[in-house]
Amino acid sequence: MAMDDTSVVAGSLPDERATLMLGAAFAAAARPGLTVHLRGDLGAGKTTFTRGLLAALGHLGKVKSPTYTLVESYPLSEYSVHHFDLYRFADPEEWNDAGFSEYFGPDSLCLVEWPDKADDLLPPADIVLELAVAGEGRTYQFQAQTPTGQSCLIRLSTQTAAHC
């Protein structure tokens, strides 16, 4: 897919609060049916981003990393959010064995940590979010992979510019 300069949104996050705020900003731009691959080393902020997103969407409970459960689902008023962590996968076929493909659809937003562990069995990303540790803070880069992802990033960019 040919992309232009609206296919990437990047910046820096000085602290955890900024990562939570990025998740909240993304929540306002996201729509059901979106698949987001979350990339970054352990401790890069993938779950913190997800906590900010879920809080902005109205989730009042605790948000924990799905490292051991593999998926945590959050049924919300407008749609469900499914947060996957595939770090413990030893074989991509575990994706099929778990039946996780059923979670993806027009009424859900799916966030997938360690997507490479499912190889090509995972539904393709609309957006890839790369988080990296940078000193005391983090850097982030969203990259759209589909027209749906690009539309989301345009909404995110417009909204972010309006708050500056």
(message) Restricting to the range 116-146, name every residue that is part of a loop (DSSP other than H, G, I, E, B), over 25 Å from Ala18 (Cα atoms) and either open to solvent by less than 80 Å² (accessible area, probe 1.4 Å) or among the β-branched types (Val, Ile, Thr) (or both).
(response) Leu122, Pro123, Thr146
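Kindly indicate the residue of the range 66-78 that is part of a loop (DSSP other than H, G, I, E, B) and open to solvent by less than 50 Å² (accessible area, probe 1.4 Å) and also farthest from Glu102 (Cα to Cα) among those meeting that condition. Spell out the reasoning first.
Restricting attention to the range 66-78, the residues satisfying the condition of being part of a loop (DSSP other than H, G, I, E, B) are 66-70, 76-78.
Right, trim to open to solvent by less than 50 Å² (accessible area, probe 1.4 Å) and you get 66-67, 70, 76.
On the way: Pro66: 17, Thr67: 19, Leu70: 14, Leu76: 18 Å.
For the range 66-78, the residue satisfying everything is Thr67.
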(message) Where the second residue is open to solvent by 60 Å² or more (accessible area, probe 1.4 Å) and the first is closer than 18 Å to Ala125 by Cα and lies in the range 5-21, which pairs have Cβ atoms under 7 Å and are six or more apart or on separate chains?
(response) Thr6/Ile154; Ser7/Gln143; Val8/Gln141; Val8/Gln143; Ala10/Gln141
(request) Scan the range 8-48 for residues that are crowded, with 19+ Cβ neighbours inside 10 Å and more than 22 Å from Pro106 (Cα to Cα) and jot them down. (result) Val9, Leu13, Thr19, Leu20, Leu22, Arg39, Gly40, Ala44, Gly45, Lys46, Thr47, Thr48
(request) Could you tell me which numbered condition Leu86 fails, if it satisfies all but one of (1) open to solvent by less than 30 Å² (accessible area, probe 1.4 Å); (2) hydrophobic (A, V, I, L, M, F, W, C); (3) more than 17 Å from the chain's Cα centre (by Cα)? (result) (3)
(message) Looking only at residues that are in contact with a His (Cβ under 7 Å, 6 or more places away or on another chain) and not in a strand (DSSP E or B) in the range 98-115, which one is least open to solvent (accessible area, probe 1.4 Å)?
(response) Pro115
(message) Between Val63, Val81, which is touching a residue at least 12 places away in the same chain (Cβ under 8 Å), buried (at least 19 other Cβ atoms within 10 Å of the Cβ), within 19 Å of Ala118 (Cβ to Cβ) and touching a helix residue (DSSP H, G or I) at 6+ places or on another chain (Cβ under 9 Å)?
(response) Val81
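The values are calculated or read from the model by the stated rules, or taken from the named source; none is laboratory data. What you see is a predicted model, and the numbers here were worked out from it, not measured in a lab. Cβ atoms come from the backbone with ideal geometry, glycine included; neighbour counts cover every protein chain shown. We work out accessible area using only protein heavy atoms, side chains counted, and drop any ligands, DNA or RNA first. Shrake-Rupley method; radii C 1.70, N 1.55, O 1.52, S 1.80 Å.
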